[in-house]
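Beneath this line is the structure, given in structure tokens, with notes to follow.
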Amino acid sequence: MNDFLELLRGNPYPGRGIAVGKNIVYYFIMGRSENSRNRIFERTEDGIRTKAFDESKVQDPSLIIYHPVRQTALGLIVTNGDQTDTVRDMGDFRAALMTRQFEPDEPNWTPRISALCRTDGSFELSILKRAADGSCLREFFCYEGCEPGCGYFISTYQGDGSPLPSFAGEPIPVTLPEEPASVWTALNAENKVSLYVNAAGTVTLFNKNLGD
């Protein structure tokens, strides 16, 4: 079992990440470019959306503006892109993601990571990433639940690089802290952008651009 905070402290650029535990969900975004860093999380009626902090600096909104979190009849959907809406609209986590693929941001080909958290405590994680032959490798991981204080973590990248190396292997089993601020502090100070925490229905947001 890995310590979630230690994993974050030891990795300057995991990109975007989702950690799911018993009654708790963490989702964060990081950025290296001005376009990626120019964002905040904002609450919506059913979850959150990403929003440009300074509209005058937006270069390409296509892959940075989306609804990462939506609460639906299916469960809590958490993703790193507009596949959130694909899952919501189709009402089937796996079938919806089978229609999507990695992001078209050559040379990184950023994976799409997604989670579905159900009210019974079970959850699914998924990653859609580019295979060596250019096709899309779609991986799904299903969990009946987990023990208190434990969870599973998946991110878009293994770490910094050029091009960025995609996350590899199964979601990482981790111990999760009870204090949301500790996760925000553990993220790389230069690259972190925003953090969403849902602890038993209580939502906390951290935004670097708002001085959090």
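The values are calculated or read from the model by the stated rules, or taken from the named source; none is laboratory data. Everything quoted here is computed from the prediction, not taken from an experiment. Cβ atoms come from the backbone with ideal geometry, glycine included; neighbour counts cover every protein chain shown. To get the accessible areas, we keep the full protein, side chains included, count just its heavy atoms, and leave off ligands, DNA and RNA. Shrake-Rupley method; radii C 1.70, N 1.55, O 1.52, S 1.80 Å.
A compact table of results
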read-out: About the Cα centre, charge dipole magnitude for the chain (Lys/Arg +1, Asp/Glu -1 at Cβ), debye; value: 180 debye
read-out: Lysine pairs meeting the criterion (Cα under 20 Å, 8 or more apart or interchain), as found in the chain; value: 5
read-out: Part-to-part distance (alpha-carbon centres) for region 145-171 and region 32-66, which is given in Å; value: 22 Å
read-out: Residue-averaged [θ]222 nm for the chain, counting only DSSP H segments that reach four residues, each worth -39500 (n - 2.57); value: -3000 deg cm²/dmol
read-out: Rounded percent of accessible protein surface that carbon and sulfur make up, the chain, 1.4 Å probe; value: 47 percent
read-out: Cα gyration tensor shape for the chain, rounded if a/c is under 1.5, else prolate or oblate; value: rounded
read-out: DSSP loop GluC sites (Glu not before Pro) with at most 11 other Cβ within 10 Å: longest gap in the chain; value: 46-143
read-out: L63-T99 pseudo-label distance in nm [points 7 Å out on the Cα-to-Cβ vector]; value: 2.2 nm
read-out: Length added when fully stretched, S56-R118, from 0.36 nm per residue minus Cα-Cα; value: 18.4 nm
read-out: Amide hydrogen neighbours beyond the local backbone of D105, cut-off 5 Å, H modeled; value: T110
read-out: Normalised per residue, the volume of the convex hull around the Cα set of region 2-54 (Å³); value: 88 Å³
